[in-house]
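The values are calculated or read from the model by the stated rules, or taken from the named source; none is laboratory data. Everything numeric in this text was worked out from a predicted model, so none of it was measured. Because the Cβ atoms are built from the backbone with ideal geometry, glycine has one as well, and the counts that use them run over all protein chains shown.
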Amino acid sequence: MILKVKGINFKYKSRSVLKDVSFEVGPGELLAILGPNGVGKTTLLRCLNAALKPEGGSVFVDGKDLSDLSRSEIAKNLAYVAQRAEQGRLTAFDAILLGRKPYIGWRVGEDDLKKADAVIRALKLESLSLRFLDEMSGGELQKVSIARALVQDPKVLLLDEPTSSLDLKNQQEVLRTIRHIVSGHGMSTVMTMHDINSALRFADKILFMKDGKIFSASERARISASMIEEVYGIPVELGEIKGYPVVLPV
Amino acid sequence: MHFEKGEIPVDYIKYISRKNAFIIVAFLLLCFSAAISLSVGSVSYMLKDIFKTLLGVHVSKTLDAVIFNIRLPQVIAAIVAGAGLAVAGAVMQSVLGNPLASPFTLGIAQAAAFGAAFSVMVLGAGFMRSSTADAVAIVRPGLTTMVAFIASMVATGAVVLIAQVRRGSPDVMILAGVAIGSLCSAGTMFLQYFADDTQLASIVFWTFGDLARAGWKELGIMAAITFSCICFFVANAWNYNAIDSGEETAISLGVNVRLVRFMGMSLASLATAVIIAFVGVIGFVGLIGPHMARRLIGDDNRYLLLGSCIIGGILLLAADTAARTMLAPRVLPVAVLTSFVGAPVFLYLLVKGYRR
């Protein structure tokens, strides 16, 4: 297992947000975390990212405990894609090159430039490379953010609702890109999201959270309507259209 | 994880070379502006005589005196103060994630002015003169800088605290700046209340901001501190770029956001404090400088910081030259000119919707 999360607890002031959260993600595996609003999905992701310090428990990447690693070592192991990308007068290439930050000493080296170029080609972003972020659409921006995370050369990729602000077409494009990269390059990936249909379609495993705890973590084939009903508290039907699983609230 | 081998992106290298070229051209423009500024004034001189004098060739006694005692210190003061205030503004905008941030709009400049006035009036770090050409003489520049720095750090602390509490709300931060600025101006007024007529005239004049005030010794201190701060900021350009892309992203890139923010704000305040202590409050250069640079060179801090320095230097130099020549032989306070230009730019940014 690349990513191992063991007994994470987190309190916000006196309110317990995460309670004894444990799970594992293997290489090339895409784990989707779902659950109602405010259940602690983003908090969990921020604990994994070492942006928040959990009260108890540990996060291991490749057998190494994150609390033993320095900031830049953590950054070399885990990359994070935020919900919304900031727009500025910066070219996509520069924004992607920023992913080399943990490796850059005094100045950018040839290797850093080549790495950024390679990721841009892999994600087919060549035509965007010298465009400015403030001239880009939401979907393009999100792809640039993903590229930046990949340039970090991480073993674990964390994505916080990567498609929440995108239209249907861009949602599909971004999720396809993520799926393709994760399978092709063997990263362990954790993605929080709300769209259960997309999760069923693109993720390998689905983890439901309820009240700060893990409600269930299972292969997508084992997800049942009753499970979803219990997490969200509404009746649903689980069917299939053209071989794709579909959840319909009824 | 392995990707196909990439190549060195030729187009990007060209793009970067253009940015470098822009910085060089802007620097040459700054030198040219400095030469023009040296040659004009109540008496104008030929450029070639100016160059000769600068290179140590004796042209005339008056020219030597005019250049080395009057104009050169003023030109250097303009460049150093302009560069320092502009780069301080650029850094504050980045670490606070607020495009309207600058030493002036956050009330930090006013706080530094209060500290400097306090040191002069109460702690006896200087004395008031009746001559308007040099209203305040600072005899203990170290003390004045120190007190100005402490006052500006208190203001900075308040702003950073408010930024932490009300995350991502530029308007609240600026309103807090207005409050802090007013408080400090009130403090300065309070000091004025106890001043006699001559002192009062001096303080009022002093709060205008005037580049002719700094002598060689003060310039040395101002330049050394500003230059050190600029070097620190430039070395942190990647950190600022990371913070610009969002706090969460910066943390995931291994940046210690709190430390970078604290150091950035502290040194930006220090640069502001030392400049204000010696030349008085000069508004808006710290806001317009970085914004002009953003328009011309983009938001990449690797170029933006140097670009802001150069553009800030050119702006203040141009404003000062205009202030000296517009109504010659009368000399307008330069801060009046920068505010005449700066306030409309600020309003424009507000109306247009600020973009970083």
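Points worth noting:
Results for (1) under 30 Å from A:Arg15 (Cβ atoms); (2) at pLDDT 90 or above; (3) small (Gly, Ala, Ser), shown as yes or no for each residue.
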site	(1), (2), (3)
A:Arg179	no, yes, no
A:Val190	yes, yes, no
A:Met193	yes, yes, no
A:Asn197	no, yes, no
A:Phe202	no, yes, no
A:Lys205	yes, yes, no
A:Met209	yes, yes, no
A:Glu219	no, no, no
A:Arg222	no, no, no
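- You will find that of B:Leu316, B:Leu304, B:Leu267, the residue that is under 17 Å from B:Ala83 (Cβ atoms), in a helix (DSSP H, G or I), over 14 Å from the mean Cα position of the chain (by Cα) and modelled with pLDDT of 90 or more is B:Leu304 and no other.
- Helices (runs of 4 or more DSSP H) completely within the range B:1-89 that count 2 or more residues being within 14 Å of chain A (Cβ to nearest Cβ), out of contact with any helix residue (DSSP H, G or I) (no Cβ under 6 Å at 6 or more places or on another chain) and not basic (Lys, Arg): B:10-39
- Scan the range A:79-89 for residues that are within 7 Å of chain B (Cβ to nearest Cβ) and not in a loop (DSSP other than H, G, I, E, B) and the total you get is 2.
- Counting residues in the range A:94-108 that are in a helix (DSSP H, G or I), in contact with a Gly (Cβ under 6 Å, 6 or more places away or on another chain) and modelled with pLDDT of 90 or more gives zero.
- Restricting the range B:59-83 to residues that are more than 30 Å from B:Val285 (Cα to Cα) and modelled with pLDDT of 85 or more, the residue that is surrounded by the most Cβ atoms within 10 Å (Cβ to Cβ) is B:Leu63.
- A:Ser16 vs. criteria in contact with a Phe, Trp or Tyr (Cβ under 9 Å, 6 or more places away or on another chain) and not in a loop (DSSP other than H, G, I, E, B): yes
- Candidates in the range A:49-76 are the residues that are closer than 17 Å to A:Leu150 by Cα, within 10 Å of chain B (Cβ to nearest Cβ) and in contact (Cβ under 8 Å) with a residue 40 or more places away in the chain; of these, the one that is surrounded by the fewest Cβ atoms within 10 Å (Cβ to Cβ) is A:Lys76.
- Members of the range B:184-207 that are at pLDDT below 85 and surrounded by 19 or more Cβ atoms within 10 Å (Cβ to Cβ): B:Gln199, B:Ser202, B:Ile203, B:Phe205, B:Trp206, B:Thr207
- Those strands (runs of 3 or more DSSP E) of the range A:143-250 in which 2 or more residues are in contact (Cβ under 8 Å) with a residue 12 or more places away in the chain and closer than 26 Å to A:Phe132 by Cβ occupy A:156-160.
- Output for the range B:244-276, where each listed residue is in contact (Cβ under 8 Å) with a residue 60 or more places away in the chain and within 14 Å of chain A (Cβ to nearest Cβ): B:Asp244, B:Glu247, B:Val260
- Considering the range A:1-36, and only residues there that are polar (S, T, N, Q) and modelled with pLDDT of 90 or more, the residue that is surrounded by the most Cβ atoms within 10 Å (Cβ to Cβ) turns out to be A:Asn9.
- Entry remark, the range A:90-106: residues being facing chain B (nearest Cβ under 9 Å) and surrounded by fewer than 19 Cβ atoms within 10 Å (Cβ to Cβ) number 2 in total.
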